Amino acid sequence: MTDSTVHPVGEGAPAIRDLRLGDLAKALRLGLRDFLRKPMMGLGFAAAYMVGGWLLYLLLFVTDQDWLAIPITVGFPLLGPFLAVGLYEVSRRLEAGQTEWARRDILGVIWRQRLRQLPSMAWVIIVYFLFWSFFAHMLFALFLGPSALTNVTSSYGYLLQREGILMLLVGTGFGAIFAFVLFALTVVSLPLLLDREVDFVTAMITSVSVVKQNFTVMVVWGVIIAGLTFLALLPGLLGLFVVLPVLGHGSWHLYRLATVTGPARNPHA
């Protein structure tokens with residue numbers, strides 16, 4: 001590796017490496033390896049994520065807001081990066097050669113993060129999710145009118161009308177933009193905050209810089225995450241038992257491949 005493959009970001013931030021498409025396969029392979037080495041950890045975090053999703057859908061059903069299921073299904077994965085912090089910690093320990101620990105040790109690390117910068121990133125993600133929900137509500141009313149909001153729970157025929165189809169197309173376009181912006185802000189920032197003492201603004205700047213420097217590779221990574229997550233949601237969220245742990249562990253390894261956080265090493269070795 002030569003110095004031309006390393007790009008400084010700023011004071012306190014790790015330098016950025018150039019990535020190749022092959023690094024994505026490597027990150028997924030290492031993510032699967034970590035999941036198989038500590039499967040109960042991955043299954044535990046995936047179960048918590050799934051239960052949260054089911055409770056959210058149950059709340060919509062009880063409050064007669066079934067129509068929100070579509071934007072919530074699109075927006076719910078936005079919370080995934082923060083909920084995968086535990087998986088980052090598992091991969092960090094395995095990378096350091098640690099193989100034996102109790103689940104409370106991992107949860108303890110996550111709990112101690114409340115005194116650092118991760119809670120600030122959590123608020124960024126939560127506010128972003130709430131804003132997306134509000135935007136979806138506004139889009140629905142704009143295209144279909146207020147009356148559709150009260151009748152769509154008994155009939156989804158509104159969505160098959162011209163306005164409904166147009167709303168879905170526009171919503172999908174805006175949803176993709178929303179998702180990519182949050183992806184750019186969090187894909188590196190969350191594992192970075194867990195790994196190093198930096199402020200959350202620096203972490204987000206570093207994350208965006210990684211995406212800009214490796215735009216094609218990171219777009220492909222975003223498509224992989226979106227595609228696998230969508231497929232995992234179809235069977236009642238059950239696919240998340242495998243997809244979430246592999247992507248969570250894989251995201252940690254992609255962060256390690258994309259940044260210089262210690263002595264320089266060849267990320268393509």
- Of the candidates 209, 189, the one satisfying the condition of being in contact with a strand residue (DSSP E or B) (Cβ under 7 Å, 6 or more places away or on another chain) and polar (S, T, N, Q) is 209
- Item | Residue, modelled with the highest pLDDT, within the range 60-88, restricted to residues that are part of a helix (DSSP H, G or I) and farther than 21 Å from residue 229 by Cβ | 62
- Selected residue (criterion: nearest to residue 27 (Cα to Cα)) from residues of the range 199-253 that are in contact with a Gly (Cβ under 9 Å, 6 or more places away or on another chain) and among the small types (Gly, Ala, Ser): 250
- Please state which of the following conditions residue 203 fails to meet, knowing it meets all the rest: (1) modelled with pLDDT under 90; (2) in a helix (DSSP H, G or I); (3) farther than 21 Å from residue 41 by Cα. (1)
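The values are calculated or read from the model by the stated rules, or taken from the named source; none is laboratory data. All values reported here derive from a predicted model rather than from experimental measurement. No Cβ is skipped: glycine too gets one built from the backbone with ideal geometry, and neighbour counts run over all protein chains shown.
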